[in-house]
């Protein structure tokens, strides 16, 4: 059932209130009666009215004072007021009513047709206002829903971005992310004229390990090695990545070859300390790594491939000279 719209009729004479109620009360409209200004103010604080029909001449608190008090309260100031009066029609009285907050004036005895016509106008305005308020609430709810969906989408995108940058086996960055970080840090080093170091890592005799122990054991070996080597890097700017297969790489911004070699040695020793059996290694009885280090202060126009080639050459030398060691490229050492 549709809620009826409420109109407040204020008059100290009961017969006048009954007459208004008889004219206006119906299926869509409920006339609420108040016999004084004080009673009207009390009702307005607890009810939502579309319109107030307010008698001017009342004992104790007249209509002008009542209207001024209604306009002074935040919950009632927007409710339209029509004054009903039997006093003089002089302009000074009418203007006083408008000054008190009235939107219209009617003179007693009230003409039923004019009263209904005026009330219908304010009822339409009230319905329009309620519709607008409902639509505003719906819109606010939609905006809130869309904002929540945006936040969920951002979280999902961030997760997807992270997943797209992570190697599924080892949990460290993948080759794609390695290339992105290297390019970003290379350009930063060019601007700041600071060194950037690169460590290339290769697990020694890893094909033999896989052939002997199986690929599941090989996967475990890669995970353990990645975990140990990553733990050596403490700065947020340092990046450890799986370069491919059994190869790893570490990007170290602002790092000289000497300092990078020291970190590489910690990684090498850490992997060997895992003491993972490697019966088919021709280096020693456990899993080991060979490492190549290079550091460059990039010149304008130089490409990251220069650093990659230098570190790769140093890694090749480490493997050719016995493995399980760290070699610094002599021509690319900052």
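Computed from the coordinates by the stated procedures, all read-outs in this text should not be read as laboratory data. Remember, it's a predicted structure, so these values are computed and weren't measured experimentally.
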Notebook entry, point to check: With springs only between Cα atoms under 10 Å, which of 33, 74, 207 fluctuates most in a Gaussian network model of the chain?
Noted result: 74
Note to self: Output the 0 to 90 degree angle, nearest 10, between the alpha-carbon long axis of helix 14-24 and the longest principal axis computed from the alpha carbons of the chain.
What the structure shows: 60 degrees
Next item on the list: Report, largest value first, the span of the C-alpha coordinates of the stretch 211-299 along each principal axis, in whole Å.
Entry: 46, 23, 21
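Stick to the Cα atoms of the stretch 175-332, pair each with every other, and give me the Kirkwood hydrodynamic radius in Å at one decimal. Don't skip to the answer; put the middle values down first.
Numbers: mean 1/r = 0.0640 Å⁻¹.
The Cα-based Kirkwood calculation yields 15.6 Å.
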Next item on the list: Please grab the % of Cα pairs in the stretch 144-192 that end up more than 13 Å from each other.
Entry: 67 percent
Margin query: Over the chain, with a Gaussian network built from C-alpha contacts below 10 Å, which listed residue (281, 164, 117) shows the highest mean-square fluctuation?
Written below: 117
Checklist line | Helix 215-232 axis, angle to the chain major axis (alpha carbon atoms, nearest 10°) | finding: 80 degrees
Notebook entry, point to check: For the stretch 4-72, max minus min Cα coordinate along each principal axis, in Å, sorted largest first?
Noted result: 33, 25, 13
Next item on the list: Divide the volume of the convex hull of the Cα atoms of the chain by its number of residues and quote the answer in cubic angstrom per residue.
Entry: 246 Å³
Check: Given springs between every Cα pair under 10 Å in a Gaussian network model of the chain, which of 193, 108, 135 has the largest fluctuation?
Finding: 108
Next item on the list: If a/c stays under 1.5 just call it rounded; otherwise compare a/b with b/c (prolate if a/b is bigger, oblate if not). Do that for the stretch 5-134, with a ≥ b ≥ c from the square roots of the Cα gyration tensor eigenvalues.
Entry: rounded
